1. If the elastic network links every pair of Cα atoms under 10 Å, which of 286, 35, 316 fluctuates the most in the Gaussian network model of the chain?
2. Only loop residues by DSSP count here, and only those with at most 16 other Cβ atoms within 10 Å; note down the chymotrypsin sites (Phe, Trp or Tyr not before Pro) in the range 137-170 that meet that.
3. Magnitude of the Cβ-charge dipole of the chain, K/R +1 and D/E -1, about the Cα centre, nearest 20 debye?
4. Of the listed peptides 279-285, 173-179, 185-191, what is their order by residue-averaged count of other C-beta atoms within 10 Å, with the highest listed first?
5. Label points 7 Å out from Cα along the Cβ direction at residue 111 and residue 96: separation in nm?
6. For the chain, with a Gaussian network of springs between Cα atoms less than 10 Å apart, report the residue from 313, 146, 31 with the top mean-square fluctuation.
7. Between [x] 67, 40, 34; [y] 65, 45, 38; [z] 82, 78, 38, which matches Cα extents along the principal axes in Å calculated for the structure shown?
8. Label-point separation (nm) for residue 319 and residue 154, each offset 7 Å from Cα along Cα-to-Cβ?
Amino acid sequence: MFNLCINMQQIFAYKGVLGIQKFLYPPNLSPEAQARLKWMDHYRQTKNVSLTCRHFNISRKTFHKWKNFYNPHHLITLESRDRAPKRRRQREISSEQEMRVVNLRKQYLRYGKEKLSLIYQSLYGEKISCWKIQKTIEKYRLYYHPQRTEAIRRKRQRSQYKKRITELKQRKISGFLLQIDTVVIYWKSVKRYIVTAIDKYSKIAFARMYTTHSSYNSRDFLHRLNYLLDGKIDNIQTDNGSEFLKHFDKTCSELNINHYFSRNHTPKDNAVLERFNKTLQEEFIAQGNFDTNLNRFNHSLTEWLIEYNFRRPHQALGYISPINFQVKHLKVLPMYPSSTFP
């Protein structure tokens, strides 16, 4: 009897070992590692590298690389490895050069890196790259407006982590993608904000007016929208406005809704909702229906939305209403009557 300490990563991958006839895949292995395990099992059966590579459409170099890593007693050897370089390049600037750049920047705070590079060369008789000067300025934060520069840096950093709508492979399913935007209305000395939303596939639209432009109100609109659609929202697309961050973005996570952002200065990313916003202003607001009182306006707006969604013919839908389009395609999104919300 052998005393074997077996965990999920040490299960033998071979068929027939210890009488096991079924190919075992530990559930804690990644999909990539499980695929490589299939390569090894196929090779064990055929004893032919070329046949295995043709069967799985991989190169011989790739197969031999993972075959050398493979240990049937430790399947973690088939997991992907960190590809980051072990030794990274270091900045080639001496401490003396760095202090010279710091002193020059403090003396000429409004000069750019190109000008400082020329001044450095004339003073010290040696060339220094603009890149070294830029990195030294960043390291010591030698800016004319440190607070404004830091705000710009944070804004750029946030934008790097935003999921852009171009990353989403869109599908023609009701509730798969809802576009949300804000329409700003100026009425004499009064300013109002109408948050609008539309289902890109079925063209069912929603809207509600608020007095302020905040993520708190956008969150209220999202909760109402989620209730009207019985939680059948997969993805949401907005622009990069602050009203769609903080509370709004947090609520998207709580409701398990993917939040995608439009690209900057690219209105075609939100074309369906842009057209609805124009229709809202032309067919409703411009017809004398605007009211600064929120309750009266939102009640009238809801009645118009019922007309828009249930009876108004839409050219993009073959001149039928969005609700009839939903019924025709058997993918009906729920929509409650105007008495649902005050």
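Just so you know, all these numbers are worked out from the coordinates, no wet-lab data involved. In this text, all values refer to a predicted model and were calculated from it rather than measured experimentally. Virtual Cβ from ideal backbone geometry, glycine too; neighbours counted across all protein chains shown.
1. In the Gaussian network model the winner is 35.
2. 143, 144, 161
3. 1760
4. 173-179, 279-285, 185-191
5. 2.0
6. Among 313, 146, 31, the largest GNM mean-square fluctuation belongs to 31.
7. Here Cα extents along the principal axes in Å agrees with entry [z].
8. Roughly 5.5 nm, to one decimal.
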